[in-house]
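Peer 1: Handing you this structure, nothing more for now.
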Amino acid sequence: MIVIGLTGNIACGKSLISKMLQELGARVIDADKVAHQLMAPHTETWKRIVAEFGEGILTPENNIDRVKLGSIVFTDSEALAKLENIIHPGVSDYVEQAIREGGAPAIVIEAIKLIEAGLHKRCDSVWVVTCRREQQIQRLMRDRHMSRQAALVRLRAQSAPKEKIKFADVVIDNSGTPEYVWEQVKREWERLFAKQAAEGTD
């Protein structure tokens, strides 16, 4: 089994690539969805986040309002680091369990903070998705109904793409058509399994 780490900055299109990898037979672990599960009301993670950021981030149903929380952490790097230190260990534990379970020729860990959380160390191949900055802004405005200013705040809160690319075994350019992206994904998938076969690994 091969473990692929899939990362890239916000709105670069990681979800599109993960769907393509699923079509090729991979099992995808979405770290953002895992984090959302960990933040369910009255879990240990929920308690720690509320203790750190206050009950003002809660909805009337006691769910963590991710928009309110985001408005705090995406303008304060120290607050963001505190949140990540609360969430990352639980996500890492979930990923380790998924790797042990296997069940597919490849496990894909889709995580915007793959490298920052140290999850890339568990991967056989790190894939970084890129696109043009203006495309990121337009996608955030279209898909998440953000203002241009809010989109820029999100982008500025993240490390530069080149910092992720330093760790990349594969860079997928998602600035073109879906067909163009699909060809890249298929080529790299086939190359990865050909390498595995040549090395005689499981």
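The values are calculated or read from the model by the stated rules, or taken from the named source; none is laboratory data. If you're wondering where the values come from, they're calculated on a predicted model, not measured in any experiment. Quick reminder, even Gly has a Cβ in these numbers, built from the backbone with ideal geometry, and neighbours come from all protein chains shown.
Peer 1: Hey, G118 hits all of (1) at pLDDT 95 or above; (2) surrounded by fewer than 17 Cβ atoms within 10 Å (Cβ to Cβ); (3) among the small types (G, A, S) but one; which does it fall short on?
Peer 2: (1)
Peer 1: Search the range 3-16 for residues being assigned to a helix (DSSP H, G or I) and surrounded by fewer than 21 Cβ atoms within 10 Å (Cβ to Cβ), and hand back the single one that is farthest from the chain's Cα centre (by Cα).
Peer 2: Filtering first and then ranking leaves L16.
Peer 1: Scan the range 59-90 for residues that are of a type in the set (A, V, I, L, M), under 14 Å from H36 (Cα atoms) and touching a residue at least 40 places away in the same chain (Cβ under 8 Å) and jot them down.
Peer 2: Across the range 59-90, the qualifying residues are I86, I87.
Peer 1: If you don't mind, another one. List the residue pairs whose Cβ atoms are under 8 Å apart, where the first residue sits in the range 178-202 and is touching a residue at least 12 places away in the same chain (Cβ under 8 Å), the second is of a type in the set (D, E, K, R) and surrounded by 11 or more Cβ atoms within 10 Å (Cβ to Cβ), and the two are 6 or more positions apart or on different chains.
Peer 2: V181/D173; Q184/D173; L192/D124
Peer 1: Restricting the search to the range 100-125, which residues are part of a helix (DSSP H, G or I) and over 23 Å from I10 (Cβ atoms)?
Peer 2: R100, E101
Peer 1: Collect the residues in the range 86-110 that are in contact with a helix residue (DSSP H, G or I) (Cβ under 6 Å, 6 or more places away or on another chain) and more than 22 Å from F193 (Cα to Cα), keeping them in residue-number order.
Peer 2: If the condition is that a residue be in contact with a helix residue (DSSP H, G or I) (Cβ under 6 Å, 6 or more places away or on another chain) and more than 22 Å from F193 (Cα to Cα), then I86, I87, G90, V91, Y94 are the ones that fit.
Peer 1: Within the range 126-140, which residues are touching a residue at least 40 places away in the same chain (Cβ under 8 Å) and either within 15 Å of the chain's Cα centre (by Cα) or under 16 Å from T177 (Cα atoms) (or both)?
Peer 2: Across the range 126-140, the qualifying residues are V126, W127, V128, V129, T130, C131, R132, Q135, Q136, R139.
Peer 1: Residues that are under 14 Å from T7 (Cβ atoms), surrounded by 15 or more Cβ atoms within 10 Å (Cβ to Cβ) and modelled with pLDDT of 95 or more: does the range 100-109 have at least one?
Peer 2: Looking through the range 100-109, at least one residue is under 14 Å from T7 (Cβ atoms), surrounded by 15 or more Cβ atoms within 10 Å (Cβ to Cβ) and modelled with pLDDT of 95 or more.
Peer 1: Closer than 30 Å to L21 by Cα, without any contact (Cβ under 8 Å) to a residue 40 or more places away in the chain and of a type in the set (D, E): is that true of D93 in this structure?
Peer 2: yes
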